[in-house]
Amino acid sequence: GNSVTQMEGPVTLSEEAFLTINCTYTATGYPSLFWYVQYPGEGLQLLLKATKADDKGSNKGFEATYRKETTSFHLEKGSVQVSDSAVYFCALILNTGGFKTIFGAGTRLFVKA
Amino acid sequence: DVKVTQSSRYLVKRTGEKVFLECVQDMDHENMFWYRQDPGLGLRLIYFSYDVKMKEKGDIPEGYSVSREKKERFSLILESASTNQTSMYLCASSFPERSYNEQFFGPGTRLTVL
């Protein structure tokens, strides 16, 4: 079946550290891939997306590259800030139709000053 | 600014009560979704709707029903609340068909069933 696997959290980093949150997927078709972020007390919001292999999504200093050969979409940021503390969700939608987004379990990030 | 609103941020109900969670979006989206969010499980789809009066079961529909009488409004109903329905409930909406379309989420309703 189709699924998304993320690294377990919480991830705790000091300010200005490098961030990687791993995400791999299993899909029968050709998915579009997303990272959503959920700040404390809020709903999810789209952080970035990539719709085909080798695409790189980027936003707010975060980046992720759609790697078809390794079925991965790892999230990276070169220098995290305290304000990046949140829960990050990797997700996919299949391009073969349908309306369902499949979410990973989420990874909580704590950034210390 | 696009918006998805949910009727309550926090709700406390008793076992056996009928519970209504309301969601309204102002983006003229065809698709609307209800998820529940539990620690370690991520988001699980309860129901979705791709048009007025249309609904489809998601991954965990048992114990829930939905209603979509108007395009902008999607209601989740717990016919007889149980303690295992204590959770965070998130509503979302999106445009149809295009698989790269993002979903827009409401702030969530944290429901506690005593």
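What follows is calculated from the coordinates using simple rules that are stated; it is not laboratory data. On a predicted model such as this, the values are computed, not experimentally measured, just so you know. Please note: Cβ atoms are built from the backbone with ideal geometry, for glycine as well, and neighbour counts cover all protein chains shown.
Assorted remarks:
- Stokes-Einstein D (µm²/s) once Rh is taken as the Kirkwood radius of the range A:19-113 over alpha-carbon pairs, at 37 °C in 0.692 mPa s: 242 µm²/s
- In percent, rounded to a whole number, the relative contact order of the range B:1-41 is 44, using alpha-carbon pairs under 8 Å and six or more apart.
- Full extension of the chain between residue A:42 and residue A:28 gives 1.8 nm of extra length, using 0.36 nm per residue less the Cα-Cα distance.
- Relative contact order %, the range A:24-113, counting alpha carbon pairs below 8 Å whose residues are six or more apart: 29 percent
- Between residue A:55 and residue A:13, the C-beta separation translates, for a Förster distance of 25 Å, into a calculated FRET efficiency of about 0.40.
- Mean separation of Cα contacts under 8 Å, 6 or more apart, over the residue count of the range B:1-108: relative contact order %: 34 percent
- Note on chain B: Cα Rg divided by 2.2 N^0.38 Å, N the number of residues, gives 1.00.
- Farthest positive-ward along chain A dipole, Cα basis, beta-carbon charges - from A:30, A:64, A:4: A:30
- Label reach from residue A:20 (point 7 Å along Cα→C-beta): in the range A:68-82, amide nitrogens under 15 Å belong to A:70-79.
- Shown for chain B: lysine pairs separated by 8 or more places, or found on different chains, whose C-alpha atoms are under 16 Å apart, numbering 5.
- Neighbour net charge for residue B:53 - beta-carbon separation under 11 angstrom, K R +1, D E -1: +2
- In order along the range A:10-16, phi translates into HN-Hα couplings of x, 9, 10, 10, 8, 3, 6 Hz, rounded to whole numbers, per the Karplus curve 6.51 cos²θ - 1.76 cosθ + 1.60 with θ = phi - 60° and x for Gly and Pro.
- Dimensions in Å of the protein assembly as shown - Rg and Dmax from alpha carbons: 17.5, 51
- Sites residue B:79 and residue B:30 - FRET efficiency at Förster radius 30 Å, r taken between beta-carbons, to 0.05: 0.70
- Reachable aspartates and glutamates, given that their alpha-carbon falls under 15 Å from the alpha-carbon of residue A:77 and they are not under 8 places away in the same chain: A:15, A:16, A:63
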